[in-house]
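K.L.:
Quick one: this structure, given as structure tokens, is what I'll be asking you about.
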């Protein structure tokens, strides 16, 4: 009897969490009526331009939303809409030993605008910045792709969390 009650309680809880349409197990809190998302191509307006970064960031963000939500991606006018631009891409020394840098830091900053047509209080425009440190004795061009991939993943997680995760 207790086993049946526990099973029933678990089923009721699972139904309540999934049927309302505003909670997912990824932590996303999306209005039940929202069915689509549009993510515009991020322009690269940084002074130093990595020619692949714009496409990489845009695709990583699209993939992140597709993997973490049930929203359908549409080209424009999604129920949730994201657009923005890369505003900074720079390498700076971070750890100095003697008269030279031991570590350098690649930093990428993006400006993001988010629109939720069902809850305007969630709309925002905000800059997000992430970085990766690397040994200064390494050839930057040989590790640049790996660094930007890691930074893009962090930026996309930050953007996703700000847009649809309300912890």
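The values are calculated or read from the model by the stated rules, or taken from the named source; none is laboratory data. Computed from a predicted structure; not experimentally measured. Ideal geometry is used to build each Cβ from the backbone, glycine not excepted, and the neighbour counts take in all protein chains shown.
K.L.:
Restrict the check to segment 85-95 and report whether at least one residue is within 17 Å of residue 40 (Cβ to Cβ), crowded, with 16+ Cβ neighbours inside 10 Å, under 17 Å from the mean Cα position of the chain (by Cα) and in contact (Cβ under 8 Å) with a residue 60 or more places away in the chain.
P.N.:
no
Per-residue answers, yes or no, for (1) without any contact (Cβ under 8 Å) to a residue 24 or more places away in the chain; (2) buried (at least 18 other Cβ atoms within 10 Å of the Cβ); (3) over 19 Å from residue 49 (Cβ atoms):
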{"residue": "80", "(1), (2), (3)": "no, yes, yes"}
{"residue": "105", "(1), (2), (3)": "no, no, no"}
{"residue": "126", "(1), (2), (3)": "no, no, yes"}
{"residue": "132", "(1), (2), (3)": "no, no, no"}
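K.L.:
Residue under question is residue 22, and the condition is that it be at pLDDT below 60, outside any helix (DSSP H, G or I) and surrounded by 10 or more Cβ atoms within 10 Å (Cβ to Cβ); does it hold? So that I can check it myself, show each step before the final result.
P.N.:
Numbers: at pLDDT below 60: yes; outside any helix (DSSP H, G or I): yes; surrounded by 10 or more Cβ atoms within 10 Å (Cβ to Cβ): yes.
Spelling it out, residue 22 is indeed at pLDDT below 60, outside any helix (DSSP H, G or I) and surrounded by 10 or more Cβ atoms within 10 Å (Cβ to Cβ).
K.L.:
Which members of segment 79-109 meet the condition of being more than 27 Å from residue 65 (Cα to Cα) and either in contact with a helix residue (DSSP H, G or I) (Cβ under 6 Å, 6 or more places away or on another chain) or not in a strand (DSSP E or B) (or both)?
P.N.:
98, 99 - these are the residues of segment 79-109 that are more than 27 Å from residue 65 (Cα to Cα) and either in contact with a helix residue (DSSP H, G or I) (Cβ under 6 Å, 6 or more places away or on another chain) or not in a strand (DSSP E or B) (or both).
K.L.:
Could you please find all residues in segment 110-132 being part of a strand (DSSP E or B) and in contact with a helix residue (DSSP H, G or I) (Cβ under 9 Å, 6 or more places away or on another chain)?
P.N.:
Quick first cut of segment 110-132, residues part of a strand (DSSP E or B) only: 110-116, 124-132.
Within segment 110-132, 110, 112, 114, 115, 116, 124, 126, 128, 129, 130, 131, 132 meet the criteria.
K.L.:
Of the residues in segment 31-75, how many are assigned to a loop (DSSP other than H, G, I, E, B) and in contact with a helix residue (DSSP H, G or I) (Cβ under 6 Å, 6 or more places away or on another chain)?
P.N.:
Here the count works out to 2.
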